[in-house]
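Let me begin by presenting the structure, written as structure tokens, before commenting on it.
The values are calculated or read from the model by the stated rules, or taken from the named source; none is laboratory data. Predicted, not measured: the structure shown is a model, and the values here were computed from it. So basically every Cβ, Gly included, is an ideal-geometry build from the backbone, and we count neighbours across all protein chains shown. Surface accessibility is based on the protein's heavy atoms, side chains included, excluding ligands, DNA and RNA. Shrake-Rupley method; radii C 1.70, N 1.55, O 1.52, S 1.80 Å.
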Amino acid sequence: MAPLASVQGVVAIYPVYIRWGPKCDPSPAPDPSNLPTDYTPSHIMSGIDKLQAQGYTGKGVKIAVIDSGVDYNLPVFGGFGPSKKIYTGYDFVGDAFTGSNTPQPDSDPFDNCYGHGTGVASFVTSSLVSLSPLGTHSGYLLSIIAGNPDTTYNFTGVAPEAKIGAYRVFSCSGASTDEIVVQAMLKAYQDGNDILNLSLTDRSGWSESVLSVVADRIARKGKIVIAAAGNLQAYGPWFAAAPATGNNVIDVASVDPPKFTLQTIDVIGTNYQNIPYLKTTPFNITDQRPIWVPTDVFACSAIASNTLPSHGLAQYVVVVSRGNCAFSTKIANLKAVGAVTMLVYNTAPGYELVDLTGINGALISQADGQYLVAQFKANNFNLLLSFPVGQPATVDNVYTPGLISSFSSWGPTFEMGFKPNVAAAGGYILTPWPTALGSWAVNTGTSFAAPLVAGVGALYLQAKGKGPVSNLIASLAFKTQIEQTARNVTTNLDDTGAVVSLALQGAGLMNAFNAVNYKTFITP
């Protein structure tokens, strides 16, 4: 490396790593008839609906989505070309890139195999109304940012009149490299985009990561650059990810939305309603299953073999109550007697994510669980459960609306840089999805919080113009204002709890309306 470093014009040397796109485990979208007419939870909680009511649409603003490409044939986009919403783009990888073979670039950013970017873009620019990284990431993101109105799901992107540049850096396998992502950022800048959205992460931690350096330099040229914080909260503090670690890049954390869209279970043999269940991916069960309940309904003690069905538990859905012991204890006791599928019912109204690692399990409501237990104790042997896909229901999130999501990654950077910068809704987000993969889906992650902020950036530029604001270039003015007007996130719903660490929430939950309308502007 020393001889290379001594060559005139060489400023820095970076390794080129293979990067993998965010892995999405999408749930099918709900039956539109199950959605309320005002199903815009992510917009409402961030004040986006108020800005749109003022007439802001992102008109005249161009947003680059650097992701997995986009299915631009969806109605929320309406095609690809200079006169279309997806006005430009480029494919840097091709479908078959694995990270070790040669990319096959071309000028068509179409994606029908990964999806993530489609959802991101639609959230920014479509016109109607919300856990770990493989799916169809890019399409999601485009729809969040700028999707056209679609009456199927009352879906509107944040900035429906903004234009989108789609830059495909993830192949069908999700493979990319640092070099490819840098090329995409530079092209997005050269193409004249005003905002860059990067819902991708590299566990760097340093602001001097090559992705962060390039992103920061673009931001200092006046472009708004936004990136996802990452979904690895369990790894603890100092786990900020590049390119969000760039000093002037807006690093976006996730809060939970006020509503969840959940899959449902059909209850056969009674007139009971469908049972919603909280699980990151739907059950993959194609037959009808009977239920079984242990004598200790909490499953906290060893289960006697003489209480089991004669042909074992493998084809049963075991129903147990939350509480009295750890979930890991319940799972161990059930697996010891052959159980493979479990429903845990809550001990209070509502739903919240629980860790059921080790078994095919999900959380159901207290009332639904108590009903199933009562039916079992009444010897209703006709009761069976089936698990159809595609008929979810929307339920209130009574425990965590507006609170930091359980997956959202910690900052700060290794240099103690302030990260993340702001938070937005990123849990259980309803977005368009590539046609080949179902057209609509529900996803979770900071990948889907970031494009909300990108869309608001478009509304801000429409309102303030693309020139300096209070002597700051547009990118830094927006970053300053979105931080200063954010609302602190606490540990409980009535704001009486402790304030969540700034290394987890940043400046707090974005308030888009205040960011655009406040007259006070504070700079160091």
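Annotations
- Selected residue (only one of ASN324, ASN271 is under 19 Å from LEU384 (Cβ atoms) and outside any strand (DSSP E or B)): ASN271
- Flag not set for THR394, criterion: farther than 28 Å from PHE239 by Cα, open to solvent by 20 Å² or more (accessible area, probe 1.4 Å), part of a loop (DSSP other than H, G, I, E, B) and among the polar types (S, T, N, Q).
- Residue-level check: of (1) at pLDDT 80 or above; (2) open to solvent by less than 10 Å² (accessible area, probe 1.4 Å); (3) within 30 Å of GLN233 (Cα to Cα), GLY94 misses just (3).
- Those residues of region 496-524 which are under 20 Å from the mean Cα position of the chain (by Cα), part of a helix (DSSP H, G or I) and of a type in the set (Gly, Ala, Ser), in sequence order: ALA503, ALA512
- Restricted to region 97-125, and to residues there that are part of a loop (DSSP other than H, G, I, E, B) and hydrophobic (A, V, I, L, M, F, W, C), the residue that is modelled with the lowest pLDDT is CYS113.
- Wholly within region 1-53, helices (runs of 4 or more DSSP H) carrying at least 1 residues that are within 19 Å of the chain's Cα centre (by Cα), at pLDDT 75 or above and among the aliphatic types (A, V, I, L, M): 41-45, 48-53
- None of SER447, SER405 is of a type in the set (Ser, Thr, Tyr), at pLDDT 90 or above and within 26 Å of PHE239 (Cα to Cα) except SER405.
- Residues of region 473-495 that turn out to be open to solvent by 40 Å² or more (accessible area, probe 1.4 Å) and more than 26 Å from the chain's Cα centre (by Cα), as a count: 1
- Selected residue (criterion: nearest to the chain's Cα centre (by Cα)) from residues of region 350-364 that are in a loop (DSSP other than H, G, I, E, B) and β-branched (Val, Ile, Thr): VAL354
- Given (1) more than 27 Å from ALA393 (Cα to Cα); (2) open to solvent by 30 Å² or more (accessible area, probe 1.4 Å), number of the condition PRO309 does not satisfy: (2)
- Residue match in region 454-467 (condition: open to solvent by less than 70 Å² (accessible area, probe 1.4 Å) and assigned to a loop (DSSP other than H, G, I, E, B)): yes
- Taking region 505-523 as the range and being open to solvent by less than 60 Å² (accessible area, probe 1.4 Å) and of a type in the set (S, T, N, Q) as the test, the residues that pass are GLN505, ASN511, ASN514, ASN517.
- Flag if GLN315 is part of a loop (DSSP other than H, G, I, E, B), more than 18 Å from ASP396 (Cβ to Cβ) and open to solvent by 40 Å² or more (accessible area, probe 1.4 Å): yes
- Residue match in region 278-289 (condition: touching a Leu at 6+ places or on another chain (Cβ under 6 Å), assigned to a strand (DSSP E or B) and either at pLDDT 95 or above or over 19 Å from GLY358 (Cα atoms) (or both)): yes
- Cβ pairs under 6 Å, 6+ apart, first in region 145-173 and at pLDDT 80 or above and of a type in the set (D, E, K, R), second assigned to a strand (DSSP E or B) and open to solvent by 10 Å² or more (accessible area, probe 1.4 Å): LYS163/LYS62; LYS163/TYR87
- There is at least one residue in region 255-270 that is open to solvent by 10 Å² or more (accessible area, probe 1.4 Å), closer than 30 Å to GLN375 by Cβ, among the aliphatic types (A, V, I, L, M) and in contact with a Leu (Cβ under 7 Å, 6 or more places away or on another chain).
- Looking across region 271-317, the residues that are of a type in the set (Ser, Thr, Tyr) and within 18 Å of ALA367 (Cβ to Cβ) come down to TYR272, TYR277.
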